[in-house]
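Structure record follows, encoded as structure tokens.
The values are calculated or read from the model by the stated rules, or taken from the named source; none is laboratory data. For clarity, every value in this text was computed on a predicted model and none was experimentally measured. Glycine gets a Cβ as well: all are built from the backbone with ideal geometry, and neighbour counts include every protein chain shown.
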Amino acid sequence: MAAPFTPHSSPGARQSPHLRIWKTLLAATWLCSISLFLTAAPVALAEKTAGDYFVHSLPGAPDGPLLKMHAGHIEVNPDHNGNLFFWHYQNRHLADKPRTVIWLNGGPGCSSEDGAMMEIGPYRVREGSQLEYNDGSWDEFANVLFVDNPVGTGFSYVDSNSYLHELDEMADQFMIFLEKFFLLFPEYSHDDLYLAGESYAGMHIPYIAHHILERNKSPGKEPYNLKGLLIGNGWTSPADQYLSYLPFAYKMGLVQGGSKEAKSLESQQAMCVKDLDKGGKDHVDTQSCEMILQEILRLSQKKVAGKDDKQCVNMYDVRLTDSYPSCGMNWPPDLATVTPYLRRKDVIEALHVNPDKRTGWTECNGAVGSNFKARKSKPAVKLLPDLLAQIPVLLFSGDQDMICNHLGTEELINNLPFNGGQGFELSPGTWAPRRQWTFEGEPAGMWQEARNLTYVVFYNSSHMVPFDYPRRTRDMLDRFMGVDIASIGGKPTDSRIDGEKGPVTSVGGHPNSTVAEEAEEAKLKEATWKAYYKSGEVALVVVIILASCGGIYVWRDRRRRAGYGLVGGGANGREGVRGGMGLGMESMRRKRSERDVEAADFDENELDDLGASDGEETERKRAERDREMERERYSIGGDSDEEENGSRKEKGANGHGSVR
């Protein structure tokens, strides 16, 4: 009985044994491949490469090539799911040497995306989640690496029972982060390295720097080229900075001397001094001293027309007010656009934020701050003398900030022994001069330098100086790093200290990166060469056709001159082919003897030869005839070879590169 017809078989079609064997082998190979893939998948997921962090697109980015960037998480505590988030921008232009700046914001627990999106990063977020270039971003001549530090901050995350408590813990995890980051991106591991940040990063940065320098002493470790620290409005020496709140409030007219409010604040400060003398100077946090600032904010409350809530002074910019008790926590205004932007699903995906990060981005995580009390940590100011003996340090302050105000920073410096001196005292009674800084014709601030320490005050600026003056802070950065654009070109910025120009710097004016420009140039070159290849292919086809036609013409002409030897057939026909290519004289003689006399297939000059025997023909006539035919056979072929050789020489003369 015939087998029933199915869509997968046809009548009379049967699989051969060999076909069945091959199908079985293919199926087995496929199953093995799937099994190996599934076995290797967890390893592949665990071991990320730099390519996994590459940011291919960024929602709302300006038109043109996207700046080269990488972002994502690096695990620093596998036991408690601890991951630090980073966002790295490659420098737009390379100056005299490669440099990397690592930026940290404060809190503790406040995200460094503040720095990325509101201060020194290349973009600012505008209405409608549109990004625009930040004129003065720090990625001009340096790679910039933003890190949400410590775990739990910003896009970073950790188990809720594993927040950090001490500065050494933070620095240890940050060193794990650096080790893994430079393994992923070894091309940056030998850069000149700078640590920068603001506010509570004034604690983080000296600790991380100390750990880096200690690591560099370890045998077998490739040292990191730590070249300097930049700390803006930093919280570094609580004992000096707590006692600056009341003098600053008096100076800025927030409190009137001799008033009831003043007496209350002075009483609170007396309690603070007492606690500092009892050992508080060796701690990061002293509660009675914290209350001085809180009392200033409480006493600054007042009713403002058009506002429902009472307004208090903005602790980050005393020129402004905010609703009580926020007193600046709703500032800066860019938070209104940055927060929804960083919570967008497409932005989160573009930045490779792990799904394990279950909560949306927040500027400051209160749980991180409440846990990070640093009760066993000594203030970072204790590390500065040793650091200054090895690397330069720059402290800068916006003069309108109260929470980490410039008076406290100046008191820190005055009390700091380093490099054989006290503060900025050059010799007994002689201090390093305060030099006036002008930027593009306007008073910008004050500079003071001595023995590896630089101090800069920014006029009319807040706690977040780069938010107010990105171009001026970039000029400060370039001066500190020693960037000089004289060797690389660019429009110089008019920046003077006491009327004197320093190194020639350039701020802004480069909306697209050098890397992006090079990429576009590479694309253009690739398109150009593709056009060359296509035109070359067409030209090659034309040359082949012309050469073929020429060869056919030469071959046919030779045959005609040789007497059409192919017509004879048989063995003589094959001989005729060889004769037509000029490969034998004997065939020519045979052709003459085979010609038809009745058809007059001969030359009249040969009539005498037809009736004569070979013995009667003189040797002289035979030699002349042979020489004449030899000249006819080789004349065309010789010209063809000369033309071909001439053509090759002409292409070479036109340039070998043009015909690739």
How many of the residues making up region 288-316 are part of a loop (DSSP other than H, G, I, E, B) and in contact with a strand residue (DSSP E or B) (Cβ under 6 Å, 6 or more places away or on another chain)?
-> 5
For V313, all conditions in the list (1) crowded, with 20+ Cβ neighbours inside 10 Å; (2) over 22 Å from L416 (Cα atoms); (3) free of Cβ contacts under 8 Å to residues at least 60 places away in the same chain hold save one; what is the number of the exception?
-> (3)
Just one of V368, V338, V347 is in the same structural domain as S160 (by TED's automatic domain parsing) and within 30 Å of D168 (Cβ to Cβ); which is it?
-> V368
Does any residue of region 421-441 turn out to be surrounded by fewer than 13 Cβ atoms within 10 Å (Cβ to Cβ), in contact with a Leu (Cβ under 7 Å, 6 or more places away or on another chain) and at pLDDT 95 or above?
-> no
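Conditions (1) crowded, with 16+ Cβ neighbours inside 10 Å; (2) touching a His at 6+ places or on another chain (Cβ under 9 Å); (3) under 18 Å from V338 (Cβ atoms), marked per residue:
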site: E47; (1), (2), (3): no, no, no
site: I74; (1), (2), (3): yes, no, no
site: L84; (1), (2), (3): yes, yes, no
site: R92; (1), (2), (3): yes, yes, no
Number of positions in region 94-127 that are under 21 Å from A209 (Cα atoms) and in a helix (DSSP H, G or I) = 1
In region 213-254, which residues are assigned to a helix (DSSP H, G or I), surrounded by fewer than 18 Cβ atoms within 10 Å (Cβ to Cβ) and of a type in the set (S, T, N, Q)?
-> N216
Can you name every residue in region 77-134 that is more than 21 Å from the chain's Cα centre (by Cα) and of a type in the set (V, I, T)?
-> none
Counted residues, region 114-164 - those being over 18 Å from D468 (Cβ atoms) and not aliphatic (A, V, I, L, M) | 23
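Okay, residues lined up against (1) in contact (Cβ under 8 Å) with a residue 40 or more places away in the chain; (2) under 20 Å from L58 (Cβ atoms):
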{"site": "W138", "(1), (2)": "yes, yes"}
{"site": "L145", "(1), (2)": "yes, yes"}
{"site": "N149", "(1), (2)": "yes, no"}
{"site": "V158", "(1), (2)": "yes, no"}
{"site": "Y200", "(1), (2)": "yes, no"}
{"site": "I205", "(1), (2)": "yes, no"}
{"site": "I212", "(1), (2)": "no, no"}
{"site": "P219", "(1), (2)": "no, no"}
Qualifying positions in region 336-365 - among the charged types (D, E, K, R) and in a loop (DSSP other than H, G, I, E, B) | R343, R344, D356, K357, R358, E363
Every residue from region 155-170 that is out of contact with any Pro (no Cβ under 7 Å at 6 or more places or on another chain), crowded, with 22+ Cβ neighbours inside 10 Å and in a helix (DSSP H, G or I) | L167
Among all residue pairs at least 6 apart or on different chains, which show Cβ distances below 8 Å where the first residue, located in region 45-72, is without any contact (Cβ under 8 Å) to a residue 24 or more places away in the chain and the second is part of a loop (DSSP other than H, G, I, E, B)?
-> M69/V55; M69/L58; M69/Q90
Those residues of region 62-93 which are of a type in the set (G, A, S), touching a Leu at 6+ places or on another chain (Cβ under 7 Å) and not in a strand (DSSP E or B), in sequence order | none
Restricting attention to region 366-387, the residues that are of a type outside the set (F, W, Y), closer than 24 Å to L230 by Cα and not in a helix (DSSP H, G or I) number exactly 5
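One line per residue, one yes/no per condition, for (1) out of contact with any strand residue (DSSP E or B) (no Cβ under 9 Å at 6 or more places or on another chain); (2) of a type in the set (F, W, Y):
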position: L67; (1), (2): no, no
position: V76; (1), (2): no, no
position: G82; (1), (2): no, no
position: F86; (1), (2): no, yes
position: L94; (1), (2): yes, no
position: N105; (1), (2): no, no
position: P122; (1), (2): no, no
position: R126; (1), (2): no, no
position: L131; (1), (2): no, no
Write out, first by first residue and then by second, each pair whose Cβ atoms fall under 9 Å of each other, whose residues are 6+ apart or on separate chains, and whose first residue, in region 414-439, is closer than 30 Å to D494 by Cβ and in the same structural domain as V456 (by TED's automatic domain parsing) while the second is assigned to a strand (DSSP E or B) and among the β-branched types (V, I, T).
-> R434/V457; R435/I497; Q436/I497; W437/V456; W437/V457; W437/I497; T438/I497
